[in-house]
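The values are calculated or read from the model by the stated rules, or taken from the named source; none is laboratory data. Since we're looking at a predicted model, the values are computed, not measured. FYI the Cβ positions are ideal-geometry reconstructions off the backbone, even for glycines, and counts take in every protein chain you see.
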Amino acid sequence: MTGLKSARQLIDMADMVRPSALRAAATLRIADHIAAGTATPAALASRTNSRPDVMELLLDYLVELDVLSGNTIEGFALTELGQALRDEHPALVRSSLTMDGLIGRSDAALINVLHTIRTGEPCHASVFGQSYWDSVNEDPSFQDAFTPRRYDGLDALGWDTAMIVNDYDWSAVRHVVDVGGNTGVILTELAKHHTHLQGTLLDLKNAATVAADTFAANGLNDRCEAVVGSFFDPLPSGADVYLLSAILADWGDEDAIAILRRCAEAAGPQGKVLVADVNLVLPGAGQRLWIRATMPTPVRTVTELKALGAAAGLRVTFEGPVTPVRSLLEFSPTAAGSAE
């Protein structure tokens, strides 16, 4: 019986119905609909454009998981556990699990983590046909997912982002380009803390659209703009500093060097490239496997970053602090690099 128990335990550990059902419930906003009074399978199916018979199966299974209580006849209600799936819950569980969210879409590719194990490459393209950032940036259904849910200042950004604002000398910088700047929260904080700065954010469509809204909401339209573009293409030239925050970890060495070269080209002989990369040494083998399946090089030392810079025709001109999760390096184009 011991062997049979172990076999059942392994099958239970590998169960895909439970996580899939919870993510489906999050995506369809089941908890929010029930909290608003829509409590029967037929009504929920109508609200979510779903099949009533399959919706009934999902709801019954959520009862088994103690996410819901009730039944088809009397209707369903949220349990204490199910309340955490509501969109307004402070833990933001729904936004992490929903399949039209950034984290949920990333997690969905783990079905083919075998691809990463065999090749060392992120598994997203093997499942969805294109890279993660290309996928979520070009699909309009993901635009809302880029909107910061809890952005309330620099301290809320995490991963030691404050060092970009506080530990670099911005006093002589007139114009900064935030290359791959995502939703604009870092550039917003730079502009707020250093009121002489002009800023340009460059990113793909969905991120740049949300960044423009971020600048407008913070009254920065006169100093900050968002432009749509790729950091593999020529960048807006003539700025004083080209910032790469948490960008290079998403790319292997060859692509990282190409990104740095684009920054060097745009910076010219007088400009700077400021790399504030992350070093994601996560606790637990499961978390490390997850991050490795998501990005090709989540862990790079300062020495390795310097080597990438040198390969791109850059030399180190400033070394900022190094924390367990982030480092800060300023590069300048070398004479040979700027002539390429």
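At-a-glance table
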{"read-out": "Candidates G82, G104 - the one that is part of a helix (DSSP H, G or I), small (G, A, S) and in the same structural domain as V67 (by TED's automatic domain parsing)", "value": "G82"}
{"read-out": "Qualifying helices (runs of 4 or more DSSP H) (wholly inside region 113-164; at least 3 residues being surrounded by 15 or more Cβ atoms within 10 Å (Cβ to Cβ) and modelled with pLDDT of 85 or more)", "value": "113-119, 124-128, 132-138"}
{"read-out": "Matching residues in region 169-185 - criterion: being among the aliphatic types (A, V, I, L, M) and modelled with pLDDT under 95", "value": "V185"}
{"read-out": "Yes/no for R315 being out of contact with any helix residue (DSSP H, G or I) (no Cβ under 6 Å at 6 or more places or on another chain) and either in the same structural domain as V113 (by TED's automatic domain parsing) or within 20 Å of E254 (Cα to Cα) (or both)", "value": "yes"}
{"read-out": "Conditions (1) surrounded by fewer than 20 Cβ atoms within 10 Å (Cβ to Cβ); (2) out of contact with any helix residue (DSSP H, G or I) (no Cβ under 8 Å at 6 or more places or on another chain): number failed by K272", "value": "(1)"}
{"read-out": "Residue in region 194-207 that is in contact (Cβ under 8 Å) with a residue 12 or more places away in the chain, in a loop (DSSP other than H, G, I, E, B) and among the aliphatic types (A, V, I, L, M) present", "value": "yes"}
{"read-out": "Filtered residues of region 210-228 (kept if out of contact with any Asp or Glu (no Cβ under 9 Å at 6 or more places or on another chain) and part of a helix (DSSP H, G or I))", "value": "D213, T214, A216, A217"}
{"read-out": "The lone exception for Q83 - which of (1) within 29 Å of F146 (Cβ to Cβ); (2) without any contact (Cβ under 8 Å) to a residue 40 or more places away in the chain it fails", "value": "(2)"}
{"read-out": "Wholly enclosed helices (runs of 4 or more DSSP H) of region 245-340 bearing at least 3 residues modelled with pLDDT of 90 or more and among the small types (G, A, S)", "value": "253-267, 285-294, 302-311"}
{"read-out": "Within region 79-112, considering residues that are of a type in the set (G, A, S) and at pLDDT 95 or above, the one farthest from E138 (Cα to Cα)", "value": "G82"}
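Okay, residues lined up against (1) under 17 Å from D277 (Cα atoms); (2) crowded, with 22+ Cβ neighbours inside 10 Å; (3) in contact with a Ser or Thr (Cβ under 8 Å, 6 or more places away or on another chain):
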residue: V177; (1), (2), (3): yes, yes, yes
residue: G184; (1), (2), (3): yes, yes, yes
residue: L187; (1), (2), (3): yes, yes, no
residue: K192; (1), (2), (3): no, no, no
residue: G199; (1), (2), (3): no, yes, no
residue: K205; (1), (2), (3): no, no, no
residue: A208; (1), (2), (3): no, yes, no
residue: A212; (1), (2), (3): no, no, no
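Condition check ((1) in a helix (DSSP H, G or I); (2) over 21 Å from S141 (Cβ atoms); (3) in contact (Cβ under 8 Å) with a residue 24 or more places away in the chain) across all residues:
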| site | (1), (2), (3) |
| --- | --- |
| G3 | yes, yes, no |
| R8 | yes, yes, no |
| D12 | yes, yes, no |
| R18 | yes, yes, yes |
| R23 | yes, no, yes |
| A31 | yes, no, yes |
| D60 | yes, yes, no |
| A77 | no, yes, yes |
